[in-house]
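The values are calculated or read from the model by the stated rules, or taken from the named source; none is laboratory data. Model, not experiment: these values are computed from the prediction. Cβ atoms come from the backbone with ideal geometry, glycine included; neighbour counts cover every protein chain shown.
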Ligand SMILES: *Cc1c(COP(=O)(O)O)cnc(C)c1O
């Protein structure tokens, strides 16, 4: 049975605490599905492939906030640099430097999050907490004038073990607070903690998530639409 996208978005908005932004992750779904969500008033959408995102962006109104949440390759930054609202998945200084270059070309300052690898799965991307600390301590990122670090993103392990998920989100939240105190103490804009997906967003919100990224719970299982 087809999911009722509009109904699910309205239900989610009705239950989310104030200050939590819902990002509708539309990566496996066609523009028609995005438009259905848009018509309910939803404006924040997440995609994980730069070229798909570019194609969808061209077909949607300009007031959509597009979030990039996938693994970003340097040679794909050009597709999204002119309009991307927030890149959640910075996983190396090198990538941040490349985004900075493209942002300068596009005459923009692109907001970015540091992705923290906390899940047990090896396949996931991101800085370990230790790598994140040393990258920030080394300080080269201060030179980058066309990117702005706004916070952190993480994914918990894909498990039913609620205790483990809580621990993982808690570890990243603590790291977030530590980094904020050390490097962004006077910067109110380092304030985004992007955590929580369809299966674990209530736990993420309880841990202080400000941005949840919901795909299948809104749009249903992946569709192969291309
Ligand atoms: C696909 C994806 C989501 C959404 O996952 P669902 O389980 O479908 O809600 C959230 N975050 C990232 C980084 C993703 O790749």
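Worth pointing out:
- Residue that is nearest to residue 195 (Cα to Cα), among those in the range 41-51 that are within 15 Å of the ligand (Cβ to nearest atom) and assigned to a loop (DSSP other than H, G, I, E, B): 48
- From the options 210, 159, residue that is within 15 Å of the ligand (Cβ to nearest atom) and under 25 Å from residue 34 (Cβ atoms): 210
- The one condition in (1) under 18 Å from residue 25 (Cβ atoms); (2) at pLDDT 95 or above that residue 150 fails to fulfil: (1)
- Summed over the range 47-65, the residues that are closer than 22 Å to residue 116 by Cβ and in contact with a helix residue (DSSP H, G or I) (Cβ under 9 Å, 6 or more places away or on another chain) give a count of 3.
- Tally, over the range 52-70, of residues that are within 16 Å of the ligand (Cβ to nearest atom) and either assigned to a helix (DSSP H, G or I) or touching a residue at least 40 places away in the same chain (Cβ under 8 Å) (or both): 6
- Selection within the range 93-135 - out of contact with any helix residue (DSSP H, G or I) (no Cβ under 7 Å at 6 or more places or on another chain) and under 25 Å from residue 162 (Cβ atoms): 113, 115, 117, 120, 121, 122, 123, 124, 125, 126, 128
- Residue ID - surrounded by the most Cβ atoms within 10 Å (Cβ to Cβ), chosen from residues in the range 6-29 that are touching a helix residue (DSSP H, G or I) at 6+ places or on another chain (Cβ under 8 Å) and assigned to a helix (DSSP H, G or I): 9
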